[in-house]
Amino acid sequence: MKQLCIWMILAQSISGMAQSKEITAQGKVMDAITKKGIKAKIFYKSYPTGSITGRFNDSTFSFPIFGSSKYQITADAEGYITGTALVDPKDIDANSQVVRDILMTRKGETIRLDHLIFEQGKAIINPKSFTSLDELVVMMKENTRLVIQLEGHTDNQGNSKANMDLSQDRVDNVKKYLASKGIDKDRVKTKAFGGTQPLLNANTPEARALNRRVEMRVLKD
């Protein structure tokens with residue numbers, strides 16, 4: 001009897017450990033500009049094998065993931081370019097969740113790549129940007145007809161020619177990164193604007209930070 005109790009305690013302990021390892025992937029599907037929810041056809045699969053799959057038809061998603069497998073989530077909605085997110089268990093938060101929202105871009109719109117970070121005053125891509133760029137890679141592989149234009153902007157401080165060169169170097173480096181992941185160079189156009197198209201004209205740190213950006217324009221889908 002004593003031995004049976006020990007086994008029961010061990011079983012409960014193992015079961016509790018298994019439950020504590022469960023991670024939930026969840027997020028929203030939203031318009032990239034308005035941030036309003038979009039009802040979409042959502043498909044997820046383990047990445048890159050695709051051995052585990054699931055579907056939703058909603059503006060939100062939530063599903064359990066186990067172990068160290070990554071997941072690819074794809075959202076399709078009428079009038080929008082297919083959106084993609086990658087879920088990595090390494091990004092788990094204190095609530096045992098990995099939250100990855102999918103921002104959908106309307107066909108013909110220009111979208112700011114908010115998570116694209118460069119070293120200050122340089123064209124070197126910060127490694128923190130790689131996840132969002134990898135999602136762009138997956139999106140372009142899912143949409144094989146997609147042709148984009150990367151448009152580089154700086155603030156309007158300093159030498160105008162230096163700003164133009166910097167914005168060109170930055171979009172060129174993003175293009176090189178996409179090409180290194182298997183995206184045909186002909187599908188990625190680049191254009192530099194330097195500081196000629198500020199979003200805000202105020203001479204404040206906040207305005208200058210907003211003006212320093214890379215935007216993506218869909219040329220063909």
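The values are calculated or read from the model by the stated rules, or taken from the named source; none is laboratory data. Just so we're clear, the structure is a prediction, and the values are computed from it rather than from any experiment. With ideal geometry, Cβ positions are generated from the backbone for all residues, glycine too; neighbour counts draw on all protein chains shown. With ligands, DNA and RNA removed, areas are computed over all heavy atoms of the protein, side chains included. Shrake-Rupley method; radii C 1.70, N 1.55, O 1.52, S 1.80 Å.
Here are the numbers for the structure shown:
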{"read-out": "Top-ranked residue of region 36-58 - restricted to ones that are within 18 Å of the chain's Cα centre (by Cα) and of a type in the set (Val, Ile, Thr), ranked as farthest from residue 79 (Cα to Cα)", "value": "42"}
{"read-out": "Pair list, Cβ < 8 Å and 6+ apart or interchain, from region 189-210 residues that are among the charged types (D, E, K, R) to residues that are open to solvent by less than 80 Å² (accessible area, probe 1.4 Å) and assigned to a strand (DSSP E or B)", "value": "189/147; 189/148; 189/149; 189/150; 191/149; 191/150; 191/151; 191/152"}
{"read-out": "Subset tally (residues that are without any contact (Cβ under 8 Å) to a residue 40 or more places away in the chain and over 22 Å from residue 157 (Cβ atoms)) for region 168-188", "value": "7"}
{"read-out": "Residue that is surrounded by the fewest Cβ atoms within 10 Å (Cβ to Cβ), among those in region 138-155 that are closer than 25 Å to residue 194 by Cα and aliphatic (A, V, I, L, M)", "value": "147"}
{"read-out": "Odd one out for residue 65 among (1) more than 27 Å from residue 188 (Cα to Cα); (2) crowded, with 18+ Cβ neighbours inside 10 Å; (3) within 17 Å of the chain's Cα centre (by Cα)", "value": "(3)"}
{"read-out": "Qualifying residue in region 108-129 (condition: surrounded by fewer than 13 Cβ atoms within 10 Å (Cβ to Cβ), among the small types (Gly, Ala, Ser) and closer than 21 Å to residue 192 by Cβ)", "value": "yes"}
{"read-out": "Residue under evaluation residue 67, criteria (1) touching a Pro at 6+ places or on another chain (Cβ under 9 Å); (2) at negative phi, criterion not met", "value": "(2)"}
{"read-out": "Residue identified as part of a loop (DSSP other than H, G, I, E, B) and modelled with pLDDT of 90 or more among 35, 28, 45, 41", "value": "35"}
{"read-out": "Test: residue 55 is open to solvent by 70 Å² or more (accessible area, probe 1.4 Å) and modelled with pLDDT of 90 or more", "value": "yes"}
{"read-out": "Qualifying positions in region 80-95 - farther than 19 Å from residue 45 by Cβ and buried (at least 17 other Cβ atoms within 10 Å of the Cβ)", "value": "80, 81"}
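Results for (1) at pLDDT 90 or above; (2) in contact with a Pro (Cβ under 8 Å, 6 or more places away or on another chain); (3) open to solvent by 60 Å² or more (accessible area, probe 1.4 Å), shown as yes or no for each residue.
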site: 167; (1), (2), (3): yes, no, no
site: 174; (1), (2), (3): yes, no, no
site: 179; (1), (2), (3): yes, no, no
site: 196; (1), (2), (3): yes, no, yes
site: 200; (1), (2), (3): no, no, yes
site: 205; (1), (2), (3): no, no, yes
site: 209; (1), (2), (3): no, no, no
site: 216; (1), (2), (3): yes, no, no
site: 221; (1), (2), (3): no, no, yes
